[in-house]
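Derivation of every value follows stated rules applied to the coordinates shown; laboratory data play no part. Worth saying up front: this structure is predicted, and the values here are computed from it rather than measured. All Cβ positions, glycine included, derive from the backbone under ideal geometry; neighbour counts span all protein chains shown.
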């Protein structure tokens, strides 16, 4: 479906360039589950000679038989599938003997599954590359959803495959403005609401019906027992973690606003050494992000934690604590509770949307190199953009509301006062101040005075 390839042109172009090269290629593509890796490859290999193989937890003998069958189909010779093959190296060696067609793509999806069953697999594929593929016309693509395993077992300098890869790409979620490709008729505010519960994961976005109002989608696609998005978070926990119950308690704590290590420890009651280990695991999985005040030296005690995946944040804030009611089918009652709280929840979501979008906004005062949040004691600035080379700084307050002119002016004045506490190159930096809201009354007047004003529509359109 074309919607799966919103903002995937760069990735496709990269793969096409690698395919057209005359060199053998070993490309590693990885990213979290449901991000669209398989769909990307399916689009790329269309019309090309390609062997696609999806690894799973079956015995190696069964996997080799299936892989051999896939190769036989590409060769167009059924007799290849009847060969006696003793292992991966022999399989690739035989395939190259039979293949006479020039450039060919071989894709192994969920490569970490092979490693789980046999820790020697990276060494085996090192040998396959060195002895068979290094001087061939093969484009070998290894896909993986386990980010930690791909980074440690495939990409790390300790991996036998280190130095063999010719390219790598970590597939990221779609950005906020790409949601318009999925929900062409939704109001701008509803796109933020969708992003707040699904993020930019294509597989999740496709579960919502674009012809159905937002809250009806939430009721029928997330809150209804048996639906994919109702059970997805628990599936991921069980699939990735050995103690899903304890990790659930931590994620719930962060979803409800516990952001410092001490707050999370108090909420969960976990011993600090154990909590530290669990937080590290969640960070490796990409579910939790550790933040530090922008423009300052990194100090572990100043770290704050947030759930980096909007779907997981929404699920642990609104589904997990209401499971009893939802299991009984009391969707309406839960929905009304969520509606009363959701705008407050979206405040931090809108901040994140703006920070991620600021790199590409045309009316940004300069092209920032660093963007983040800043805090010190009771002072906090929603978005700070820096260019260290030119000592440029921009400070923004972000409000998920429609702002009247007088309120907008007051917020900017408070922002300027808070910026004085920000120590980064204080005496020699150039400063810009701005405000972000759903709509801002007096936008033109404030802009004429030198303030940078963004409304929701500007972020959506990249202005």
Taking 0.36 nm per residue of sequence separation and subtracting the Cα-Cα distance, how much length would be gained by fully extending the chain between residue 301 and residue 33, in nm to one decimal?
93.3 nm
Most exposed first by the Cβ proxy, i.e. fewest other Cβ within 10 Å, how do 30, 278 rank?
278, 30
Helix 331-357 versus the longest principal axis of the chain: what angle, 0 to 90°, nearest 10, using Cα atoms?
90 degrees
State whether the range 33-77 is rounded, prolate or oblate according to the following rule on the C-alpha gyration tensor (a ≥ b ≥ c being the square roots of its eigenvalues): a/c under 1.5 gives rounded; otherwise a/b larger than b/c gives prolate, and the remaining case gives oblate.
oblate
Reviewing (i) 44, 26, 23; (ii) 34, 26, 21; (iii) 41, 25, 22, the figure for semi-axes √(5λ) of the Cα gyration tensor in Å actually calculated from this model sits under (i)
Taking a label point 7 Å from the Cα of residue 14 along the Cα→Cβ vector, which residues of the range 123-143 have an amide N closer than 20 Å to it?
139-143
Going by how many other beta carbons lie within 10 Å of each one, how would you line up 232, 296, fewest first?
296, 232
Using a Förster radius of 51 Å, what is the FRET efficiency between residue 272 and residue 60 based on their Cβ-Cβ separation? Nearest 0.05, please.
0.75
Rounded, prolate or oblate: pick one for the range 2-170, where a ≥ b ≥ c are the square roots of the eigenvalues of its C-alpha gyration tensor, a/c under 1.5 means rounded, and failing that, prolate if a/b is larger than b/c, else oblate.
rounded
Helix 405-419 vs. the chain, principal-axis angle (Cα, 0 to 90°, nearest 10)
70 degrees
Whole Å is fine, so just give me how far the alpha carbon centre of the range 224-274 lies from that of the range 9-66.
32 Å
Relative contact order of the chain, pairs being alpha-carbon contacts under 8 Å that are 6 or more residues apart, as %:
12 percent
So what's the angle, to the nearest 10 degrees on a 0 to 90 scale, between helix 88-98 and the longest Cα principal axis of the chain?
70 degrees
Suppose only helical runs count, i.e. DSSP H with n ≥ 4. What mean residue ellipticity at 222 nm does that imply for the chain under -39500 (n - 2.57) per run, divided by all residues and rounded to the nearest 500 deg cm²/dmol?
-12000 deg cm²/dmol
How high is the relative contact order of the range 2-170, given as a whole-number percent (alpha carbon pairs under 8 Å, six or more residues apart)?
36 percent
Going by how many other Cβ atoms sit within 10 Å of their own, how do 440, 107 line up, fewest first?
107, 440
So what is the relative contact order for the range 361-461, in percent, with contacts set as C-alpha pairs under 8 Å and at least six apart?
25 percent
